[in-house]
Each structure stands twice: as C-alpha cells, then as structure tokens.
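Everything on this sheet refers to the single structure shown next.
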Amino acid sequence: MTPEPCELLKALAVETRIRIINLLKSKGALGTNTIAELLGITPSAVSQHLRVLKQAGLVRSERKGYWVPHSLNEAGLEKCRQVLNEVCTCGQRYTSEFREQDLSAASLEFLREYERKLEKELEAVRVSISEAKASERV
C-alpha cells in the first residue's frame, strides 16, 4: 500500500521524526531503546513516532530474535522525495530536477524510472520544437 502524500507530509511534520530519520541515515539500523537514548526521549515515545513513520512507509522493522532493528525504507524515502519534488516544483513543466550527486547514490530501479521520465520529457521537447518550426513556416 502506497501512502498518500498527506500521510508522508504528516509523518515529516514532527521534528522528532526527522531526527529519527537522520539518526537511522547516519547510524544504520537501531533498536528502540538505542534511539531513545540517543534522542533523550522515552522508548514509548520512540515507538509512537516509529509507528507513524512505518505507516508512511519511511521506516521498516524486522525482528531478529529478541532484537527488533528499525531501519530506513529507501523505496519509501524515494517516494517521499518524488512527492516533495512534485509539490515543490514551482510550476516547472519538465522533470530535470536531479543533480549529478543525487543520481550517484540512486538505485538501478530509480535510475531506470528516471530514464523513462527523461525520455518522456525529451519527446515533449521534440514536439515543441516541431510545433515551433511549423509556426515559423506559416
């Protein structure tokens, strides 16, 4: 199930959740108690924030014996990035919002999807060029 954009934005609306995401980005998979210690909040508060982040598809948990490590869901974060790019494009018509550094760490699946978007964009540019040439002849 893909979360709605409002669910993603709601999950990111609380500073503690952003801090949890940044912590998992920098340190990798962590248990609830470790996250609580590092952030200086109670484990129950961490659990509540993790529940919201999981519902938004940004964090995943996988039991390993007695330990339940929490880690980032890269596909969910990518979806979040796409939603934010779409919401924050300021009227841009085309998809060329990526920089080389964004692509260097991207997954193969993401790169293929980006290639498809670029091909669509290139086709739209070609149509615009053809239309411009046709109007110049008239």
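Brief remarks follow.
- Label zone of residue 26 (point 7 Å out along Cα→Cβ, amide N under 19 Å): in the stretch 63-89 this covers 70-73.
- Principal-axis tilt of helix 43-55 within the chain, Cα atoms, nearest 10 degrees: 30
- For the stretch 15-64: rounded, prolate or oblate by the Cα gyration tensor [a/c cutoff 1.5]: rounded
- Counting only the Cα atoms, the chain fills a convex hull of 139 Å³ per residue.
- On the stretch 2-59, 51 percent of the accessible area sits on carbon and sulfur atoms, based on a 1.4 Å probe.
- Along the chain, the longest continuous region that contains none of the GluC sites (Glu not before Pro) in a DSSP loop with at most 16 other C-beta atoms within 10 Å is 1-61.
- Here residue 54 and residue 115 are evaluated by their C-beta separation; at R0 = 41 Å the FRET efficiency comes out at 0.85.
The values are calculated or read from the model by the stated rules, or taken from the named source; none is laboratory data. Predicted model only: the values in this text are computed from it and were never measured. Cβ coordinates were reconstructed from backbone atoms using ideal geometry, including for glycine residues, and neighbour counts include every protein chain displayed. In case anyone asks, the SASA skips ligands and DNA or RNA and just uses the protein heavy atoms, side chains included. Shrake-Rupley method; radii C 1.70, N 1.55, O 1.52, S 1.80 Å.
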